[in-house]
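The values are calculated or read from the model by the stated rules, or taken from the named source; none is laboratory data. Only a predicted model underlies this, so the values are computations on that prediction, with no experimental measurement involved. All Cβ positions, even for glycine, are placed from backbone atoms using ideal geometry, and neighbour counts span all protein chains on display. The protein model used for the area step is the full one, side chains on, heavy atoms only, and it has no ligands, DNA or RNA in it. Shrake-Rupley method; radii C 1.70, N 1.55, O 1.52, S 1.80 Å.
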Amino acid sequence: QVQLVESGGGLVQPGGSLRLSCVASGTIFSINTMAWHRQAPGKERELVASIISSGRPNYADSVKGRFTISLSRDYVKRTMYLQMTSLKPEDTAVYYCNAVGTLTNEWGQGTQVTVSS
């Protein structure tokens, strides 16, 4: 089983930056893809960015050029980051970490990102 712990959310002004982290532990060998999703109030959860084990990233059009997803790993854990720059009020949401693989589809508890002046 995979456990996910997110951190790094908070309140930031428009144009500011934040970095989210997600630490995956447990049966990490089963993970093929890790991703960040977000859900704003009254809206459906949407994919923000994903990265496969080889490191190739994929981004939603709304965040291309502003967000960067990256992955580091060692023998006992994987850490996924989401560097967010030029933040906009419409980026306000709860951000969730997701790990997917053979027999694996785990979600983190979510971390709130609020972009407001």
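Evaluation of Ile28 against the conditions (1) closer than 17 Å to Gln1 by Cβ; (2) under 14 Å from the mean Cα position of the chain (by Cα) shows that the sole unmet condition is (2). Which ones in the stretch 102-117 are open to solvent by 40 Å² or more (accessible area, probe 1.4 Å), part of a strand (DSSP E or B) and touching a Phe, Trp or Tyr at 6+ places or on another chain (Cβ under 9 Å)? Hits for the stretch 102-117 are Trp107, Gln112. Anything in the stretch 50-69 that is open to solvent by less than 60 Å² (accessible area, probe 1.4 Å) and in a strand (DSSP E or B)? List them, or say none. The answer is Ser50, Ile51, Ile52, Tyr59, Phe67, Ile69.
Under the condition of being assigned to a strand (DSSP E or B) and out of contact with any Cys (no Cβ under 8 Å at 6 or more places or on another chain), the residues counted in the stretch 70-80 number 6. Scanning the stretch 84-101 for residues that are out of contact with any strand residue (DSSP E or B) (no Cβ under 7 Å at 6 or more places or on another chain) and either of a type outside the set (Asp, Glu) or assigned to a strand (DSSP E or B) (or both) yields Thr85, Ser86.
For the condition within 18 Å of Gly101 (Cα to Cα), aliphatic (A, V, I, L, M) and without any contact (Cβ under 8 Å) to a residue 60 or more places away in the chain, what is the one hit in Val23, Val5? Talk me through it step by step, then tell me what you get.
Details: Val5 fails: without any contact (Cβ under 8 Å) to a residue 60 or more places away in the chain.
Testing whether each residue is within 18 Å of Gly101 (Cα to Cα), aliphatic (A, V, I, L, M) and without any contact (Cβ under 8 Å) to a residue 60 or more places away in the chain leaves just Val23.
Mind listing just one residue for me: the one in the stretch 1-44 that is of a type in the set (Val, Ile, Thr) and within 18 Å of Pro57 (Cβ to Cβ) and, of those, most open to solvent (accessible area, probe 1.4 Å)? Selected residue: Thr33. Being under 16 Å from Val12 (Cα atoms) and in contact with a Pro (Cβ under 6 Å, 6 or more places away or on another chain) holds for only one residue in Val115, Val94, and it is Val115. For Leu47, are the conditions met, namely being in contact (Cβ under 8 Å) with a residue 24 or more places away in the chain, in a strand (DSSP E or B) and open to solvent by 20 Å² or more (accessible area, probe 1.4 Å)? Answer is no for this residue.
The rows are residues; the columns are (1) under 17 Å from Cys97 (Cβ atoms); (2) of a type in the set (Gly, Ala, Ser); (3) touching a Lys or Arg at 6+ places or on another chain (Cβ under 6 Å).
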{"site": "Thr27", "(1), (2), (3)": "yes, no, no"}
{"site": "Ala60", "(1), (2), (3)": "yes, yes, no"}
{"site": "Lys64", "(1), (2), (3)": "no, no, no"}
{"site": "Thr68", "(1), (2), (3)": "yes, no, no"}
